[in-house]
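Computed from the coordinates by the stated procedures, all read-outs in this text should not be read as laboratory data. Worth saying up front: this structure is predicted, and the values here are computed from it rather than measured. Glycine also receives a Cβ, built like all others from the backbone with ideal geometry; neighbour counts cover every protein chain displayed.
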Amino acid sequence: MEKTNNRRQKRLKLKICFLLTIGFASAMAWSFKSKSYAKDSDIKIRAEIATDKKDNAGSANYLDEKKSYMSDADKKREEESANAFKEAYRVFMHPRCMNCHPSGDVPLQGDNSQLHTQGVKRGTDGKGLYALKCANCHQSANVPGENMPPGNPNWHLPPANMKMVFQGISPAQLAIQFKNPKLTGKTLQELIHHVEEDKLVLGGWNPGDGRTKPPLSHEEFAMNFREWVEKGAAIPK
Ligand code: HEC
Ligand code: HEC
């Protein structure tokens, strides 16, 4: 009786060992396969970039040099991504954008980004505290004349639980913030969409009488932001 039990146990152990080995081996094979797959597609993408840029066009030993070239292309891509971000950063830091992305809970005003007068505050939803709602003064379009409130449908600050601060932060800090969906509520693709289409963003280029426009055109700005994301969303130094 005991002997058969022992034998059964032994067989069971062998079985378990066998299954574990198979499991391990297939996991290894799978990870190896997916790794080599990623490498192939990487190489393909980078080869396309290389031919795009005509850096390596017509080079006979291109294939032999592929590996060492790859890292150069990678470096270049990262640098281009970071530079595109630095361009876009100039717009984010412009008063037309920063005034609604303050570090505190009071919106900013004017080209010197002073605190908003009249005791206006963010409120939980960004639409103003108590009776001082943004929409009381900010209509759906600009009111003509200097020092009149700019308008936009839905004029408000980001809400208190997702402040999206631009004021006082470096390019690296801003890039890190954009890459964290917990801080933006959006993926990078959704951020591209926001930068390209959002009415408050577009409003920066229709700021109302007496206000300056951001240093790039909206098109250039959106292009730089897209380039930053598509070339790997590098964190600028
Ligand atoms: C009237 C205030 C206001 C102005 C002006 C403004 N924004 Fe915003 N911005 C917001 C609000 C509010 C949000 C939060 C998302 C939302 O509700 O659409 C936001 C979010 C964002 C986001 C992040 C997206 C997200 O949902 O987290 C980006 C990027 C952005 N703004 C860029 C800009 C740029 C660039 C400009 C200037 C051209 C600008 N904003 C001007 C109010 C403003
Ligand atoms: C009592 C009226 C009033 C209320 C309420 C009000 N604003 Fe304003 N806001 C103004 C006026 C007027 C200006 C224009 C000031 C100027 O140009 O000298 C202005 C300007 C601004 C600017 C500067 C725009 C720029 O491009 O420089 C921002 C940003 C702003 N308001 C955001 C808000 C937000 C966000 C709220 C709600 C939380 C709000 N305001 C509530 C009257 C108001």
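Computed over region 90-230, the percent of Cα pairs more than 22 Å apart is 36. A straight chain from Lys179 to Glu219 at 0.36 nm per residue would run longer than the Cα-Cα distance by 12.2 nm. If R0 is taken as 35 Å, the Cβ-Cβ distance between Asn154 and Ser71 corresponds to a FRET efficiency of 0.15.
Starting from 0.36 nm per residue, how many nanometres of slack lie between Tyr130 and Ala172 once their C-alpha separation is accounted for?
On the way: separation 42, 0.36 × 42 = 15.12 nm, distance 3.58 nm.
Extending this stretch completely gives an extra 11.5 nm.
Residues whose amide H lies under 5 Å from that of Gly151, counting only those 5 or more places away or on a different chain, are Asn142, Val143; hydrogens are built 1.01 Å from N in the peptide plane.
Farthest toward the positive end of the dipole of region 90-230, out of Val201, His94, Val106, is the Cα of Val106, where the dipole comes from beta carbon charges about the Cα centre. In terms of overall dimensions, region 85-147 has a Cα radius of gyration and Dmax of 12.9, 39 angstrom.
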